[in-house]
Every structure is written in C-alpha cells, then in structure tokens.
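The values are calculated or read from the model by the stated rules, or taken from the named source; none is laboratory data. Since we're looking at a predicted model, the values are computed, not measured. Cβ atoms come from the backbone with ideal geometry, glycine included; neighbour counts cover every protein chain shown. These accessible areas exclude ligands, DNA and RNA; they are computed on the full protein's heavy atoms, side chains included. Shrake-Rupley method; radii C 1.70, N 1.55, O 1.52, S 1.80 Å.
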Amino acid sequence: QVQLVESGGGLVQAGGSLRLFCAASGTFFSINTMGWYRQAPGKQRELVAAITPGGSTNYADSVKGRFTISRDNAKNTVTLQMNSLKPEDTAVYHCDADVRITLATMPRQYWGQGTQVTVSS
C-alpha cells in the first residue's frame, strides 16, 4: 500500500508563486526518483521536474529558472516551488514516485490524485 498525498494547488495571478507538497506513505522498502507531472486540457502529459535521492534534478525547459524541486528523504516528501507563474502553467499537477515495495521487487511508479494549479492573466 503506497499513497501519495498532494497539497498546495490553487489560483494565482501571473507572476505569482505557489508551493506544491507531496508526501508518500505506506509500507515500502525505498523510494527512488520523485517528481511532478502536469497535464493541461488538450495537451500531452509533461514531466515538469524530477529529483533523485542524491539530489540530482531534471526540469522541463519551459520551467527552468522558475521552478525548483526539492525533497526530504527522511520524510518521504517532495516539494515544487513555482515562481514567476504564467497562464500556460495552468494544469493539473501530479506527484509521482518510483517506489520499491520490497528489496526483491523492481521499482514501480505511483501517482498522487493531482492538484489543480490555475494562473490567471
């Protein structure tokens, strides 16, 4: 049983900021990469940012310099700080985690329920 719970979405004006939080809970051996995806109406699902347990990060070109991903390995949480928001950032944002349930099994992806981010012009 693995559950990802997100919070922090909402409505913000262009140029503003939001901070998204995600916490993993349940019974598992370890968590590898954690990240955030987003999907806007009529668009493909997009990887926004990802981070490894060691702190290596990867960002979509569209958010580089504006978004920052971080994590706390001890708490099994991941955060997405979103600055200088633009209307095109409007989407449902999903937390994901690459989770190894037991040492004997391969990691698999788990997803949060999603949180709406709306940026007004």
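Annotations
- With protein chains left intact and a 1.4 Å probe, residues in the chain average 53 Å² of accessible area per residue.
- Selected from 81, 44, 109 as most flexible by GNM, with the chain as the system and alpha-carbon contacts under 10 Å: 44
- GNM result for the chain, Cα springs below 10 Å: residue of 51, 69, 101 fluctuating most strongly: 101
- Straight-distance candidates among the aspartates and glutamates for linking to residue 86, with alpha-carbon spacing under 20 Å and chain neighbours fewer than 8 residues away dropped: 46, 61.
- Accessible surface of the range 1-114, 1.4 Å probe, proportion on carbon and sulfur as whole %: 50 percent
- On the basis of the beta-carbon distance and an R0 of 25 Å, residue 74 and residue 104 show a calculated FRET efficiency of 0.55.
- Residue 84 - accessible surface, heavy atoms, 1.4 Å probe, Å² rounded to 10: 60 Å²
- Of 67, 29, 21, the one that fluctuates the most in a GNM where the chain has Cα springs shorter than 10 Å: 29
- Spatially proximal aspartates and glutamates relative to residue 75 (Cα-Cα < 18 Å; intrachain offsets below 8 disregarded): 6, 96, 98
- Among the trypsin sites (Lys or Arg not before Pro) in the range 48-113, those located in a DSSP loop and surrounded by at most 12 other Cβ atoms within 10 Å of their own Cβ are 64, 75.
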